[in-house]
Amino acid sequence: MIEDVFNAVLVDRGAGVHGNPLQPAFDAIAAGQSLIFFPEGTRGDGETLGPFKSGVHHLLKARPDAEVVPVWIDNAYRVMPKGFFFPVPLLCSMSFGAVLRYEVQEPKEAFLDRLRSAMLELRPQ
Amino acid sequence: MMNLPHEILLIFAALGGVLLVASGVGFSLRARFAGGPSQAVVDNLNARIRAWWMMIAIAMAATVAGAPAIIGLFGFLSFLAFREFITQTPVRRADHVALFVSFFIAIPVQYGLIGIGWYGLFAIFIPVYAFLSLPILSALMADERKFLQRTAEMQWGLMICAYCLSHVPALLTLDIPGYQGREALLCVFLVLIGQASDVLQYIWGKLFGRRKIAARLSPNKTVEGLIGGVFSATVLGAALWQITPFSPLAASALSLLITVFGFLGGLVMSVIKRDRGIKDWGGLLEGHGGILDRIDSVCFSAPVFFHAVRYFYSVY
């Protein structure tokens, strides 16, 4: 259902042993699609930006030509906090930042830090 | 569909005429002030007028469609307004169930009670049952941080956005001798006078406003705007006495009640917005802000008007 309604790319969390769990994401980019990527890999606690998984770095190492647009989604946590399966209809906002580029051979930590601060800059107030 | 009083169509035709004039004025102002320092004010004015066309069309459709549509429209407005209000409150994860119940049970039940005409429960459902249930639901989630503040803000939001606003369609349930079948006109009267007062305060304020009432809290409210708006809306209410069960004198007194409470309600909501550091509650209505920015005055005047009419005019 998630694939049909949101046109989502699902990552199999246990696929690491069999192949590349990010393969569906590579395929989407290769097909010329825009990919919305959640670097925390899960829903946060609504207060702090959680640690980034390394997926976004793997993705860009393979496709350094891809443009990265940092986005901050505000208030979504309160719409459906972790552990609930029904939403409440609160207002959310999205802020978009300037395009970021992955620099060739950029170490993982440096890139993730750069992406992280670009996202935090978009946080309202 | 109930038998439609012919005055309803006359009133909406008149509103359409007023909007045509307003659109014409807005159009000529735009040509005159294009590129000047007042352009932003004129652009905002034109956006407001465009939104008014839509709002009046929706109001007319609901009024013509009859009581269930009027009740449904205000129920939906409560839903949207409460959504804007809660977005600005410090509710936490532990309030999720209480919020879900507020949105999807309390608001529909409150308006459903109007639909079935059960006044006794309508009057106490939110002030008693929602009032007690919300903190219970939040307490069960065991999060004590700012508990009273979170609970109080949910309760207050539900009172303003759902309970107070629901008194507009509740006018449909009043049994006024000699006025049966025309109750929808009372809703039109209340909303029309309240909104006209807001608009007239805005116009008088923009044209003649000098002395600010509460410069820090609400920079657009001026003494001149208040006096001109309240006076002209009261005159309008007296002129509309024939659509009401009131005498001309009573119609003007009740209009004064609507405008004064509407003004004070707008002031209260402005203070809250100022505290939260926001200018508008939302962005649904271009030029106006959110739904709550448009209906804040009606939320305060509706229960007072309802009870005045119920006490002096209806049999119960």
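The values are calculated or read from the model by the stated rules, or taken from the named source; none is laboratory data. Given the structure is predicted, the values throughout are model-derived calculations rather than measurements. Here the Cβ positions follow ideal geometry from the backbone for every residue, glycine too, while neighbour counts run over all protein chains shown. In case anyone asks, the SASA skips ligands and DNA or RNA and just uses the protein heavy atoms, side chains included. Shrake-Rupley method; radii C 1.70, N 1.55, O 1.52, S 1.80 Å.
Overview of values
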| item | result |
| --- | --- |
| Checking B:LEU113 against (1) without any contact (Cβ under 8 Å) to a residue 24 or more places away in the chain; (2) at the interface with another protein chain (Cβ under 10 Å from one of its Cβ atoms); (3) farther than 16 Å from B:GLN155 by Cα, the condition it does not meet | (2) |
| Which listed residue, of B:LEU134, B:LEU185, B:LEU190, B:LEU172, is among the hydrophobic types (A, V, I, L, M, F, W, C), touching a His at 6+ places or on another chain (Cβ under 9 Å) and open to solvent by less than 40 Å² (accessible area, probe 1.4 Å) | B:LEU190 |
| Qualifying positions in the range B:129-162 - touching a residue at least 60 places away in the same chain (Cβ under 8 Å) and either within 22 Å of B:LEU190 (Cβ to Cβ) or in the same structural domain as B:GLY266 (by TED's automatic domain parsing) (or both) | B:GLY157, B:LEU158, B:ILE160, B:CYS161, B:ALA162 |
| Which listed residue, of A:LEU90, A:LEU122, is within 14 Å of chain B (Cβ to nearest Cβ) and within 30 Å of B:PHE100 (Cβ to Cβ) | A:LEU90 |
| Residue in the range B:240-289 that is farthest from B:GLU153 (Cα to Cα), counting only those that are crowded, with 20+ Cβ neighbours inside 10 Å and in contact with a strand residue (DSSP E or B) (Cβ under 8 Å, 6 or more places away or on another chain) | B:GLY282 |
| Number of positions in the range B:225-249 that are over 19 Å from B:VAL309 (Cα atoms) and free of Cβ contacts under 8 Å to residues at least 12 places away in the same chain | 1 |
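Condition check ((1) over 19 Å from B:TRP53 (Cα atoms); (2) in a strand (DSSP E or B); (3) at pLDDT 95 or above) across all residues:
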site	(1), (2), (3)
B:LEU257	yes, no, yes
B:GLY266	yes, no, no
B:LYS273	yes, no, no
B:ILE278	yes, no, no
B:LEU292	no, no, yes
B:PRO303	yes, no, yes
B:PHE306	yes, no, yes
B:TYR311	yes, no, yes
